[in-house]
Every structure is written in C-alpha cells, then in structure tokens.
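One structure is given here, and the rest of the page talks about it.
The values are calculated or read from the model by the stated rules, or taken from the named source; none is laboratory data. As the structure is a prediction and not an experimental result, all values here were calculated from the model. With ideal geometry, Cβ positions are generated from the backbone for all residues, glycine too; neighbour counts draw on all protein chains shown.
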Amino acid sequence: MPEERNQAERSRPTRLALFANFFKGYMSVATIVAAAIPIPITSWKLIPIYSQQRGFLTVYSSLFCFLLMAFVFSIRHWLARPMFSRGRMGGVIAVLPAVFIVLTLGCIVIYHGLMQQSIKEVHELGVVLTTTELLDKVDVTEIPYAVELAACYLGIFIFAELAFVLMAMREYLQDLLHLDEVALLRGRALVADAPVEARVSSVAESSPVSR
C-alpha cells in the first residue's frame, strides 16, 4: 500500500504537466486560428455584411491579425521583464487581454447597431428588397456608414486576436523562464533559485534582439 501510494504521488506531477502542456499548445494554436477565422466566417456569411465589402474586409482582417500576432511575438523579449513584475507595467499588461475582450464585445454591438441603421436608411430611400437581397445588391458607394461598418468589423477580429496572442505569450514566456506556478500565485515570481528579473536579463542578453 505505501509503495502504491508513493507511485501515485510520483505520477501526479506527470499528469499535471501533460495537462499544462496541452493547454499551452491549445493557446498557441488558438492564436493562429483566431488570425485565420475571418476567412471562413465571412465566406459562410455567419456575420451580416454587404457583399461589396466582404472581399476586402476578409483580406484586411486576416492580414492585420497575422501581422499583430507576428509583432507581439517579435517583442516578446521586451514583454518578458514587465509581464511578470509586480510594478504598474505588469498590472497593465495583465489586464490588457480583458480590455481587448471588452473592446471585441463593443465592436460587435456597435457593428450590429450600425448594420441595422444602415439597412433602415437604404429602405427609407425607397429600395424594396429583403435584407439578404439588399446586402447582396447594394453598390459599395451607396452603403450608409460604410467606413464605420468596416472599422467595427476589423476591430472585432483584431481585438480578439490581441487578447489571444497576449494570453498565449504569457504562457510561452512562463514556460521559457521556468517560472514556478505556485510562486506566481503567491506573488513571488521565482525562477528556480533566481528572481525573475535576473532570469529575464540573462535571456534578453543571450537573444539576438539585445545584440
């Protein structure tokens, strides 16, 4: 019995490590999925959109999402130091994903409100079409609130991608710096036997960015 109990306790960290690796892998894949998701969403017409705007908004939204993902990854060495610190900058970075989620929700609400107002104004001009026909046939120069609709549409995916990539970057850096999960929860950001600041400095000095 004691041997079986010891074996069970030794196997527990392994199961937890497997779960943690799975979660981190999922978060990394999610950033790429979030960057590519505008393409199927627009193609399958899951969000109401004028057909004249569908093509370029699909291209722009995916383009900016991939660019933002690459940009955040490229500044990971700069993010590493403040991300796990207890200063003001660390708190700002920690709350940014929640801010971007709220901004995503705001863009969704504003987009649908503008879409309803835009369709209403087209109908007021005497156009007698169903909503589906109207979205397919209205010319790009005749779309009310065209710029505002495009900006909100892009904001939905851009802010969602930023939230994803910042959360994934935090998991990536925590794994890279070997930060102890319990120490972080207790407010002591320790890496093995060294403070996180020292570990970040050594990583930054050995990286090509710092040279």
Would you mind stating whether Ala94 is among the aliphatic types (A, V, I, L, M) and closer than 22 Å to Ile39 by Cα? no
Odd one out for Leu177, checked against (1) among the aliphatic types (A, V, I, L, M); (2) at negative phi; (3) surrounded by fewer than 16 Cβ atoms within 10 Å (Cβ to Cβ); (4) at pLDDT below 90: (3)
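Quick grid of which residues meet (1) outside any helix (DSSP H, G or I); (2) under 12 Å from the mean Cα position of the chain (by Cα); (3) of a type in the set (Lys, Arg):
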| residue | (1), (2), (3) |
| --- | --- |
| Ile41 | no, no, no |
| Gly55 | no, no, no |
| Val72 | no, yes, no |
| Trp78 | no, no, no |
| Arg81 | no, no, yes |
| Val99 | no, yes, no |
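So, Val99, is that one without any contact (Cβ under 8 Å) to a residue 40 or more places away in the chain, exposed (fewer than 12 other Cβ atoms within 10 Å of the Cβ), among the β-branched types (Val, Ile, Thr) and more than 15 Å from Ile47 (Cα to Cα) or not? It would help to see each step written out before you state the result.
Numbers: without any contact (Cβ under 8 Å) to a residue 40 or more places away in the chain: yes; exposed (fewer than 12 other Cβ atoms within 10 Å of the Cβ): no; among the β-branched types (Val, Ile, Thr): yes; more than 15 Å from Ile47 (Cα to Cα): yes.
Considered against the rule, which asks whether it is without any contact (Cβ under 8 Å) to a residue 40 or more places away in the chain, exposed (fewer than 12 other Cβ atoms within 10 Å of the Cβ), among the β-branched types (Val, Ile, Thr) and more than 15 Å from Ile47 (Cα to Cα), Val99 comes out as no.
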What single numbered condition from (1) in contact (Cβ under 8 Å) with a residue 60 or more places away in the chain; (2) surrounded by 14 or more Cβ atoms within 10 Å (Cβ to Cβ); (3) under 24 Å from Ser43 (Cβ atoms) fails to hold for Arg170? (3)
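Keeping to the range 126-151, report how many residues are under 13 Å from Ile49 (Cα atoms), surrounded by fewer than 13 Cβ atoms within 10 Å (Cβ to Cβ) and either in contact with a Cys (Cβ under 6 Å, 6 or more places away or on another chain) or without any contact (Cβ under 8 Å) to a residue 24 or more places away in the chain (or both). Walk me through it before giving the result.
Let us first name the residues in the range 126-151 that are under 13 Å from Ile49 (Cα atoms), namely 131-140, 143-151.
Then keep just the ones that are surrounded by fewer than 13 Cβ atoms within 10 Å (Cβ to Cβ); that gives 132-133, 139-140, 147.
If we keep only those that are either in contact with a Cys (Cβ under 6 Å, 6 or more places away or on another chain) or without any contact (Cβ under 8 Å) to a residue 24 or more places away in the chain (or both) as well, we get 132-133, 147.
Final tally of qualifying residues: 3.
Based on this model, can you work out whether Thr104 counts as of a type in the set (Ser, Thr, Tyr), part of a helix (DSSP H, G or I) and at pLDDT 95 or above? Can you show your working first?
On the way: of a type in the set (Ser, Thr, Tyr): yes; part of a helix (DSSP H, G or I): yes; at pLDDT 95 or above: yes.
Taking the combined requirement at face value, the residue satisfies it.
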For the range 57-72, indicate whether the set of residues that are buried (at least 17 other Cβ atoms within 10 Å of the Cβ) and more than 28 Å from Ala146 (Cα to Cα) is non-empty. yes
